[in-house]
1. Would you please list the contacts, defined by Cβ atoms under 9 Å and residues six or more apart or on different chains, that run from a residue in segment 31-42 that is surrounded by fewer than 24 Cβ atoms within 10 Å (Cβ to Cβ) to a residue that is modelled with pLDDT under 95 and in a loop (DSSP other than H, G, I, E, B)?
2. Which of the residues belonging to segment 1-37 are at pLDDT 95 or above and part of a loop (DSSP other than H, G, I, E, B)?
3. Would you mind telling me which numbered condition in (1) more than 17 Å from residue 87 (Cβ to Cβ); (2) among the acidic types (Asp, Glu); (3) assigned to a loop (DSSP other than H, G, I, E, B) residue 221 fails?
4. Only one of these conditions is not met by residue 99: (1) more than 30 Å from residue 233 (Cβ to Cβ); (2) free of Cβ contacts under 8 Å to residues at least 40 places away in the same chain; (3) part of a loop (DSSP other than H, G, I, E, B); (4) not hydrophobic (A, V, I, L, M, F, W, C). Which number is it?
5. May I ask you to verify whether residue 154 is touching a residue at least 24 places away in the same chain (Cβ under 8 Å) and assigned to a helix (DSSP H, G or I)?
6. Only one of these is modelled with pLDDT of 95 or more, of a type outside the set (A, V, I, L, M, F, W, C), more than 17 Å from the chain's Cα centre (by Cα) and crowded, with 16+ Cβ neighbours inside 10 Å: 55, 124. Name it.
7. Is it the case that segment 103-115 has a residue that's acidic (Asp, Glu), modelled with pLDDT of 95 or more and either on the phi > 0 side of the Ramachandran plot or within 12 Å of the chain's Cα centre (by Cα) (or both)?
8. Return the total of residues in segment 122-142 being free of Cβ contacts under 8 Å to residues at least 12 places away in the same chain and more than 17 Å from residue 168 (Cβ to Cβ).
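The values are calculated or read from the model by the stated rules, or taken from the named source; none is laboratory data. Quick caveat: nothing in here was measured; it's all calculated off a predicted structure. In this analysis, Cβ positions are derived from the backbone assuming ideal geometry, glycine residues included, and neighbour counts consider all displayed protein chains.
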Amino acid sequence: MSTETYLDGRRAVVTGGGSGIGAACAAALAARGAHVVVADRDAEAAKRVAADVDGEAWVVDLADTAALDDLTLDADVLVNNAGIQRVSPIEEFDPEAFRLIQRIMLEAPFLLIRAALPAMYARGWGRVVNLSSVHGLVASPFKSAYVAAKHGLEGLSKVTALEGGPHGVTSNCVNPGYVRTPLVEKQIADQARVHGIDESEVLEKVLLTESAIKRLTEPAEVGELVAWLAGPSARMVTGASWTVDGGWSAR
């Protein structure tokens, strides 16, 4: 089997796959031969990306975690990517928004991993890739819910690695800095407000200030790393956090 099709016959589930990093992951995995299930609450976006990668759409609202309690998930590769963001000081942070972020970005990944592991164990092979963030390793002000969820995801990923290792299942985090996605673009007005600067200054003075490489990461760059982690060269790679942050976390 060539390296280009090392996922032939494998089934990959990508959450938040309707746009941004998720869509890039879907494309990269499909290019390696995987049949990709594009999971997103936006039905049209999921169907569009699924059509692009010759996969299938799964319309699901990951905020409704109770609906995932009894889920059985047939996946060789699970990419937990779905996420949202809120930017606000702690004392002004809406409690329900905090809870929502934990549900989507920590509870849902736990429940999806829980649903996928039995089939992975039965086959003796599985890959869990959790889209964390540089904020899974360090913190920034005004992002208490996001940082808390990503730090929790890091721990969940490591436990999955320890439990899954004897069964042929690896689990890793991918930790981008700011990526050129709708999620980042939507932050610009909020970042300008909390930092007291103009929106035109946000990229230079907030988003890229800690990065040694002064540009946004492209979604495809993240997708390629995810695909590598699912491949044969990464068989001994587990319980790790892979930064794609332009040097941010080197500080």
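1. Once the first residue is surrounded by fewer than 24 Cβ atoms within 10 Å (Cβ to Cβ) and sits in segment 31-42, its partners that are modelled with pLDDT under 95 and in a loop (DSSP other than H, G, I, E, B) give 33/1.
2. Answer for segment 1-37, where residues must be at pLDDT 95 or above and part of a loop (DSSP other than H, G, I, E, B): 6, 7, 8, 9, 10, 16, 17, 18, 19, 32, 33, 34.
3. The number of the failed condition is (3).
4. Of the numbered conditions (1) more than 30 Å from residue 233 (Cβ to Cβ); (2) free of Cβ contacts under 8 Å to residues at least 40 places away in the same chain; (3) part of a loop (DSSP other than H, G, I, E, B); (4) not hydrophobic (A, V, I, L, M, F, W, C), the odd one out for residue 99 is (3).
5. yes
6. 55
7. Scanning segment 103-115 turns up no residue that is acidic (Asp, Glu), modelled with pLDDT of 95 or more and either on the phi > 0 side of the Ramachandran plot or within 12 Å of the chain's Cα centre (by Cα) (or both).
8. 2
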